[in-house]
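Here is the structure we will look at.
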């Protein structure tokens, strides 16, 4: 009896399965073999009867991505443009003259500034000679001699150097050239032969800006630098 019931159940389940297969085929349809296999890496064909007929959807343009990506040479060009010419010049001088340093040079330039200003005011051409190039010495000495002929005397009090900054540095062959911007507080008075003030004010402190250029032969055993040019900022 039990075996007969199991057989009836099997037949019933088989009938149900056959019925479901026929129903699915009627709903989904049959594959005839004429259908094209869909390539997942190709864009879908546009619907010929839908509202998007003839509309093409493009992939993102690679040129836009390339514009956003920095050029391989970009950082090098930016780095080259960002190089400080003063620092580059000081490095070149330091490579040619191992005893050179920017800080050491500035300390010497400040001392030279004080000596030259003081010697010029005092008319001390002997003190000026080793510190100046020939051209600069001739101009300084000529101004001193002209003062003496007129019986005038220059009194200069260097109150202090407010700023001493290297603004130019270069190495040309064996010659190193460094320009320093000096900003100093000074009192300058010119007196006549009778001691009266003919120019300036003994009580007025004036800020003076000078641009001085010093040069040095890096192959020379003489460590001293010479003042080769003086000018005022434009």
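What follows is calculated from the coordinates using simple rules that are stated; it is not laboratory data. Computed from a predicted structure; not experimentally measured. Cβ coordinates were reconstructed from backbone atoms using ideal geometry, including for glycine residues, and neighbour counts include every protein chain displayed.
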Exercise. Decide, for region 102-168, between rounded, prolate and oblate: order the square roots of the alpha carbon gyration tensor eigenvalues as a ≥ b ≥ c, take rounded if a/c falls under 1.5, and otherwise choose prolate if a/b is larger than b/c, else oblate.
Key: prolate
Quiz item: With labels modelled as points extended 7 Å from the Cα through the Cβ direction, what inter-label distance (nm, one decimal) is found for residue 125 paired with residue 232?
Solution: 2.6
Self-check item: FRET efficiency, 1/(1 + (r/R0)^6) with R0 25 Å, evaluated for residue 141 and residue 175 via beta carbons
Solution: 0.60
Practice problem: Note down the Stokes-Einstein diffusion coefficient of region 154-234 in µm²/s, whole number, using a Kirkwood radius over alpha carbon pairs, 37 °C, and 0.692 mPa s. | Solution: 222
Practice problem: Note down the relative contact order for region 85-231 as a percent, whole number, built from C-alpha pairs under 8 angstrom at least six residues apart. | Solution: 23
Quiz item: Sorting 161, 93 on the 10 Å Cβ count, fewest up front, what's the list?
Solution: 161, 93
Exercise. Kindly work out what percent of the DSSP beta bridges joining two residues of region 85-231 are antiparallel, to the nearest 5.
Key: 95
Self-check item: Rg/Rg_globular for region 85-231, with Rg_globular taken as 2.2 N^0.38 Å and Rg from C-alpha atoms
Solution: 1.15
